[in-house]
Amino acid sequence: MKRLAYDSPNDAIAALAAPLAPVDVQHDCRDLLGRVLACSIVADRDHPAADVSAMDGYALAMRRPANSGEIHCNEEIPVTGESIPGSPPPDFSDFGVIRIFTGGMVPAGCDRVIQREYTIESPGNDSMPLGTVRWRAEAKLTQPAANIRGRGENIEAGEEALPSGVVVRSPQVAAIASFGVESASVRRRVRVAIITTGDELGRIDSATNETLPPWKIRNSNAHALRAIVTPRPYVNPPTMLHAPDEPEQLKQVVSDAVADHDIVLLTGGVSMGDHDYVPKVVSEIGAQTVFHKLPLRPGKPILGALYHVPDSATAKPIIGLPGNPVSATMGAVRFALPLIDKLAGITRWEPNPPSIMLDEIGTKTLHLHWMRAVRMTGPGTAELVVGKGSGDLVSLGASDGFIEMPPTAHHPGPWPFFAW
Ligand SMILES: Nc1nc2c(c(=O)[nH]1)N[C@H]1C(S)=C(S)[C@@H](COP(=O)(O)OP(=O)(O)OC[C@H]3O[C@@H](n4cnc5c(N)ncnc54)[C@H](O)[C@@H]3O)O[C@H]1N2
Ligand code: MOO
């Protein structure tokens with residue numbers, strides 16, 4: 001049997017990814033949500049900017065004369081001031097305690113905060129307008145620095161809060177907002193073209209009530225692949241194209257798509273049929289075929305190629321996914337998404353799927369890498385979704401994702417899980 005270019009999907013992905021450089025940088029971007037940072041975000045101030053309280057309670061110094069180094073539970077201690085978030089702290093007197101609220105600045109001289117529930121509070125009067133407190137027994141357990149968030153303990157001014165190459169999502173937005181950053185350099189969005197091929201397909205956006213003769217099918221791959229790519233916020237809405245099973249027209253569509261996009265995904269026409277023109281056309285436009293066929297099911301006929309833009313260091317991947325709906329969708333998740341992430345400039349683009357265990361393994365083994373649709377049954381556990389092969393998009397609809405088992409494997413796991 002002819003040896004295939006790569007023994008595993010990961011090796012094949014690595015080979016396509018190796019020459020890829022991130023897309024260009026766009027400067028002064030203000031709407032950063034969902035974008036990939038092309039610069040680091042630096043803290044403009046310490047965080048926290050001062051020692052602040054993590055609790056509502058009372059700030060004190062254990063060394064003060066009344067405490068003489070320990071908490072006395074029966075003593076009435078005057079409250080001499082209040083530290084309220086948003087205001088500078090009051091002066092601290094050695095002969096009292098400061099009522100402090102979560103986020104309030106800890107006055108200089110205080111060494112801990114005792115939470116309010118460990119105190120008995122008495123209301124104010126004319127001589128002590130802010131009242132007094134007595135400690136409950138639990139207060140004795142408080143250690144130095146308790147309930148104080150130290151100035152700069154999260155980060156100090158001038159340090160890197162976020163590195164380049166991360167996607168800006170909610171937590172990153174929090175850091176960016178906290179350090180007063182209004183705009184930053186990001187990668188421009190990745191341009192993806194999705195080309196479906198085949199004379200059996202109806203129009204991509206054909207009316208749903210369109211009646212098709214039995215020799216025609218609806219173009220479900222176009223919709224499925226668009227749905228795989230679109231949730232990535234750092235990708236432009238993909239360009240949807242279709243080419244008939246006619247080599248010259250297919251060639252034109254593929255070469256136009258390669259010119260205007262960073263990555264091109266095709267479905268159909270990659271196997272052995274008389275009308276499977278994708279491998280030929282890909283090499284005719286000058287792309288280098290990195291692999292055609294992998295030891296993989298479904299999706300064995302998958303094709304991976306690189307178009308090296310003349311007089312430039314830019315390489316653009318072309319992935320010829322098999323037309324069968326299960327092969328096309330699993331192949332897009334497994335192969336296209338990591339490459340898109342690398343093009344997008346994401347540092348941690350390599351697949352790092354979580355692991356799951358199968359409830360039951362079944363009897364079959366395969367001498368190929370086997371992508372199997374599964375449905376989650378509990379935390380970290382899943383069951384196989386029984387289907388009728390790579391054309392069965394109905395059973396696929398009952399799955400949460402797929403696992404990938406290496407050749408001849410036959411045990412419940414753990415297996416890498418690729419979610420939809
Ligand atoms: N002699 C051989 N025949 C086949 C082999 C082989 O090794 N030797 N491999 C089989 C495997 S495995 C697969 S997978 C398919 C891949 O075929 P193609 O990529 O050439 O795909 P097509 O023949 O164009 O289509 C296959 C199947 O998928 C349907 N299809 C295509 N496009 C769409 C779409 N956009 N939406 C929904 N469904 C689509 C198409 O109608 C076919 O039924 O080859 C096997 N054959
Ligand atoms: O790769 Mo094909 O999808 O197994 O039938």
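With the requirement that a residue be acidic (D, E) and touching a helix residue (DSSP H, G or I) at 6+ places or on another chain (Cβ under 8 Å), what does the range 337-355 give you? Full working, then the answer.
Taking the range 337-355 first, the residues acidic (D, E) are 341, 350.
Within the range 337-355, just E350 meets the criteria.
Within the range 20-38, how many residues are surrounded by 15 or more Cβ atoms within 10 Å (Cβ to Cβ) and assigned to a loop (DSSP other than H, G, I, E, B)?
Within the range 20-38, residues that are surrounded by 15 or more Cβ atoms within 10 Å (Cβ to Cβ) and assigned to a loop (DSSP other than H, G, I, E, B) number 7.
What number of residues within the range 263-284 are modelled with pLDDT under 95 and of a type in the set (V, I, T)?
Within the range 263-284, residues that are modelled with pLDDT under 95 and of a type in the set (V, I, T) number 1.
Going through the range 84-105 one residue at a time, which ones are within 10 Å of L60 (Cβ to Cβ), touching a Ser or Thr at 6+ places or on another chain (Cβ under 6 Å) and crowded, with 23+ Cβ neighbours inside 10 Å?
Going residue by residue through the range 84-105, those that are within 10 Å of L60 (Cβ to Cβ) are 92, 94, 96-98, 100.
Filter once more, so that each one left must be touching a Ser or Thr at 6+ places or on another chain (Cβ under 6 Å): 96, 98, 100.
I98, I100, listed by residue number.
So in the range 124-133, with the set limited to residues that are modelled with pLDDT of 95 or more and of a type outside the set (G, A, S), which one is farthest from G57 (Cα to Cα)?
Applying the filter and picking the extreme gives P129.
Being more than 14 Å from ligand 2 (Cβ to nearest atom) and without any contact (Cβ under 8 Å) to a residue 40 or more places away in the chain is the filter here; which residues of the range 311-340 pass it?
Hits for the range 311-340 are D311, S312.
Taking S271, is it away from ligand 1 (no atom under 12 Å from the Cβ), free of Cβ contacts under 8 Å to residues at least 60 places away in the same chain and either in a strand (DSSP E or B) or of a type in the set (S, T, Y) (or both)?
Spelling it out, it is not the case that S271 is away from ligand 1 (no atom under 12 Å from the Cβ), free of Cβ contacts under 8 Å to residues at least 60 places away in the same chain and either in a strand (DSSP E or B) or of a type in the set (S, T, Y) (or both).
Out of everything in the range 382-406 that is surrounded by 13 or more Cβ atoms within 10 Å (Cβ to Cβ) and within 16 Å of ligand 1 (Cβ to nearest atom), what residue ends up being nearest to the chain's Cα centre (by Cα)?
Step by step, filter the range 382-406, then rank; the result is F402.
Would you call D276 touching a Gly at 6+ places or on another chain (Cβ under 7 Å) and farther than 21 Å from T329 by Cβ?
Taking the combined requirement at face value, the residue does not satisfy it.
In contact with a Lys or Arg (Cβ under 7 Å, 6 or more places away or on another chain) and either part of a strand (DSSP E or B) or exposed (fewer than 13 other Cβ atoms within 10 Å of the Cβ) (or both): is that true of I120 in this structure?
Working: in contact with a Lys or Arg (Cβ under 7 Å, 6 or more places away or on another chain): yes; either part of a strand (DSSP E or B) or exposed (fewer than 13 other Cβ atoms within 10 Å of the Cβ) (or both): yes.
Here the answer is yes, as I120 does meet what is asked.
It is to be established whether one or more residues within the range 248-255 are more than 16 Å from ligand 2 (Cβ to nearest atom), surrounded by 16 or more Cβ atoms within 10 Å (Cβ to Cβ), in a loop (DSSP other than H, G, I, E, B) and on the phi < 0 side of the Ramachandran plot. So that I can check it myself, show each step before the final result.
Step one: of the range 248-255, the residues more than 16 Å from ligand 2 (Cβ to nearest atom) are 248-255.
Filter once more, keeping what is surrounded by 16 or more Cβ atoms within 10 Å (Cβ to Cβ): 250-251, 253-255.
Applying the additional criterion that residues be in a loop (DSSP other than H, G, I, E, B) yields none.
Checked the range 248-255: no residue is more than 16 Å from ligand 2 (Cβ to nearest atom), surrounded by 16 or more Cβ atoms within 10 Å (Cβ to Cβ), in a loop (DSSP other than H, G, I, E, B) and on the phi < 0 side of the Ramachandran plot.
Kindly evaluate A287 against the criterion of being away from ligand 1 (no atom under 16 Å from the Cβ) and modelled with pLDDT under 95. Steps first, answer last, please.
Working: away from ligand 1 (no atom under 16 Å from the Cβ): yes; modelled with pLDDT under 95: no.
When the stated conditions are applied, A287 does not pass them.
Please count how many residues of the range 270-291 are under 32 Å from the mean Cα position of the chain (by Cα) and within 13 Å of ligand 2 (Cβ to nearest atom).
Final tally of qualifying residues: 1.
I'd like the residue in the range 218-227 that is assigned to a helix (DSSP H, G or I) and away from ligand 2 (no atom under 16 Å from the Cβ) and, out of all such residues, is surrounded by the fewest Cβ atoms within 10 Å (Cβ to Cβ).
Here the residue is A227.
Taking the criterion of being assigned to a loop (DSSP other than H, G, I, E, B), buried (at least 18 other Cβ atoms within 10 Å of the Cβ) and modelled with pLDDT of 95 or more, would at least one residue in the range 67-83 satisfy it?
The answer is no; no qualifying residue exists.
Suppose the filter is touching a residue at least 60 places away in the same chain (Cβ under 8 Å), surrounded by fewer than 19 Cβ atoms within 10 Å (Cβ to Cβ) and of a type outside the set (D, E, K, R); does A184 pass it?
No, not satisfied.
Between L241, L303, which is within 16 Å of ligand 2 (Cβ to nearest atom) and assigned by the TED database to the domain that holds A224? Before the answer, list the steps.
Values: L241 fails: within 16 Å of ligand 2 (Cβ to nearest atom).
When all the criteria are applied, what remains is L303.
Would you call N236 within 16 Å of ligand 2 (Cβ to nearest atom), in contact (Cβ under 8 Å) with a residue 12 or more places away in the chain and within 20 Å of L339 (Cβ to Cβ)?
Judged against the criteria, N236 is not a match.
Look at A207 and say whether it is modelled with pLDDT under 95, among the hydrophobic types (A, V, I, L, M, F, W, C), in contact with a strand residue (DSSP E or B) (Cβ under 7 Å, 6 or more places away or on another chain) and not in a strand (DSSP E or B).
On the way: modelled with pLDDT under 95: yes; among the hydrophobic types (A, V, I, L, M, F, W, C): yes; in contact with a strand residue (DSSP E or B) (Cβ under 7 Å, 6 or more places away or on another chain): no; not in a strand (DSSP E or B): yes.
Considered against the rule, which asks whether it is modelled with pLDDT under 95, among the hydrophobic types (A, V, I, L, M, F, W, C), in contact with a strand residue (DSSP E or B) (Cβ under 7 Å, 6 or more places away or on another chain) and not in a strand (DSSP E or B), A207 comes out as no.
How many residues are buried (at least 22 other Cβ atoms within 10 Å of the Cβ) and either under 26 Å from G391 (Cα atoms) or among the aromatic types (F, W, Y) (or both) when one looks only at the range 256-277?
9
Does any residue in the range 140-153 that is surrounded by fewer than 13 Cβ atoms within 10 Å (Cβ to Cβ) come within less than 8 Å, Cβ to Cβ, of a residue that is acidic (D, E) six or more places away or on a different chain, and which pairs are these?
Close Cβ pairs (under 8 Å, with a partner that is acidic (D, E)) amount to P144/D111.
The values are calculated or read from the model by the stated rules, or taken from the named source; none is laboratory data. Keep in mind that this is a model prediction, so the values were computed, not measured. A quick note on method: Cβ atoms are made from the backbone with ideal geometry, for glycine too, and the neighbour counts reach across all protein chains shown.
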